[in-house]
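> Once you've had a glance at the structure underneath, I'll fire off some questions.
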């Protein structure tokens with residue numbers, strides 16, 4: 001990653017939401033052993049996918065806790081555009097292959113990912129966009145907390161809030177973006193650089 005693309009490492013961290021408190025970290029075994037008679041705890045465990053059944057598909061030879069598989073942009077009137085991140089190292093050439101976004105178009109992004117070994121707490125997606133080296137936006141999306149995937153639920157997919165591409169002659173042009181998947185502990189699971197062009201039409 002080019003060092004001049006980021007002002008500092010804080011750019012890639014999610015901004016703290018007012019009133020949000022990071023919960024106490026527990027292992028998967030600890031959650032399984034917690035009080036089965038506590039109804040609110042049971043609901044919380046279900047929201048994480050704990051106790052849903054199915055054999056774990058965590059790879060003991062792969063130490064990664066969160067594996068980002070893809071990031072997809074969907075917009076009405078065109079085929080979805082997917083950034084394939086499943087192959088290690090595939091993210092290194094994304095900046096050299098910009099994709100087009102029609103000015104003013106409404107679009108949504110969605111991420112597919114897998115969780116291994118232990119519960120993933122507070123996964124965020126953070127995106128910093130620059131044009132000609134100047135930061136024009138920083139967006140973040142809270143993806144949530146997840147238990148390790150199982151055979152019954154092998155992949156997670158999270159759709160982000162709908163966005164509007166900028167419009168007008170001034171908005172058209174080439175942009176670079178740095179995207180980061182980071183959790184509540186500020187552990188970065190993937191950072192990659194990519195680019196796009198805002199154009200008059202698809």
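> Only residues in segment 74-89 that are surrounded by 11 or more Cβ atoms within 10 Å (Cβ to Cβ) count as the first member; pair them with residues that are in a loop (DSSP other than H, G, I, E, B) and at pLDDT below 90, Cβ under 8 angstrom, at least 6 apart or cross-chain, and list the lot.
Sorted first by the residue in segment 74-89, then by its partner, the pairs are 78/202.
> If you don't mind, there's one more thing I want to ask. Of everything in segment 118-142, what is outside any strand (DSSP E or B) and at pLDDT 95 or above? Give them in sequence order.
Listed by number, the list is empty, since nothing qualifies.
> Further question on the same structure: Given the criteria over 22 Å from residue 12 (Cβ atoms) and at pLDDT 90 or above, does residue 98 qualify?
On the way: over 22 Å from residue 12 (Cβ atoms): no; at pLDDT 90 or above: yes.
No; evaluated as a whole, the condition is false for this residue.
> Given the condition in a helix (DSSP H, G or I), over 20 Å from the mean Cα position of the chain (by Cα) and closer than 30 Å to residue 172 by Cβ, answer yes or no: does some residue in segment 84-105 qualify?
Checked against the condition, which is being in a helix (DSSP H, G or I), over 20 Å from the mean Cα position of the chain (by Cα) and closer than 30 Å to residue 172 by Cβ, segment 84-105 yields at least one hit.
> Let me ask something else. Considering each of 143, 120 in turn, give the residue that is surrounded by 18 or more Cβ atoms within 10 Å (Cβ to Cβ), closer than 14 Å to residue 68 by Cβ, touching a strand residue (DSSP E or B) at 6+ places or on another chain (Cβ under 7 Å) and without any contact (Cβ under 8 Å) to a residue 40 or more places away in the chain.
143
> Now, a different point. Considering 49, 54, 23, which residue is exposed (fewer than 14 other Cβ atoms within 10 Å of the Cβ), at pLDDT below 60, over 30 Å from residue 134 (Cβ atoms) and more than 17 Å from the chain's Cα centre (by Cα)?
None of the others qualify; the one that does is 23.
> What do you reckon, is residue 178 crowded, with 19+ Cβ neighbours inside 10 Å, under 22 Å from residue 77 (Cβ atoms) and touching a strand residue (DSSP E or B) at 6+ places or on another chain (Cβ under 6 Å)?
Spelling it out, it is not the case that residue 178 is crowded, with 19+ Cβ neighbours inside 10 Å, under 22 Å from residue 77 (Cβ atoms) and touching a strand residue (DSSP E or B) at 6+ places or on another chain (Cβ under 6 Å).
> Here are some residues: 158, 187. Which one is out of contact with any strand residue (DSSP E or B) (no Cβ under 6 Å at 6 or more places or on another chain), under 23 Å from residue 91 (Cα atoms) and surrounded by fewer than 18 Cβ atoms within 10 Å (Cβ to Cβ)?
187
> Looking at residue 129, is it farther than 25 Å from residue 61 by Cβ and either touching a helix residue (DSSP H, G or I) at 6+ places or on another chain (Cβ under 9 Å) or surrounded by 14 or more Cβ atoms within 10 Å (Cβ to Cβ) (or both)?
Here the answer is yes, as residue 129 does meet what is asked.
> For segment 143-202, how many residues are out of contact with any helix residue (DSSP H, G or I) (no Cβ under 8 Å at 6 or more places or on another chain) and in a loop (DSSP other than H, G, I, E, B)? Talk me through it step by step, then tell me what you get.
Narrowing segment 143-202 to residues out of contact with any helix residue (DSSP H, G or I) (no Cβ under 8 Å at 6 or more places or on another chain): 143-144, 149-175, 177, 179, 181, 183-187, 189, 196-202.
Filter again for in a loop (DSSP other than H, G, I, E, B), leaving 149, 151-155, 160-162, 165-172, 183-187, 200-202.
Qualifying residue count, segment 143-202: 25.
The values are calculated or read from the model by the stated rules, or taken from the named source; none is laboratory data. This is a predicted model, so every value here is computed, not measured. Note that we place each Cβ from the backbone using ideal geometry, even for glycine, and neighbour counts take in every protein chain shown.
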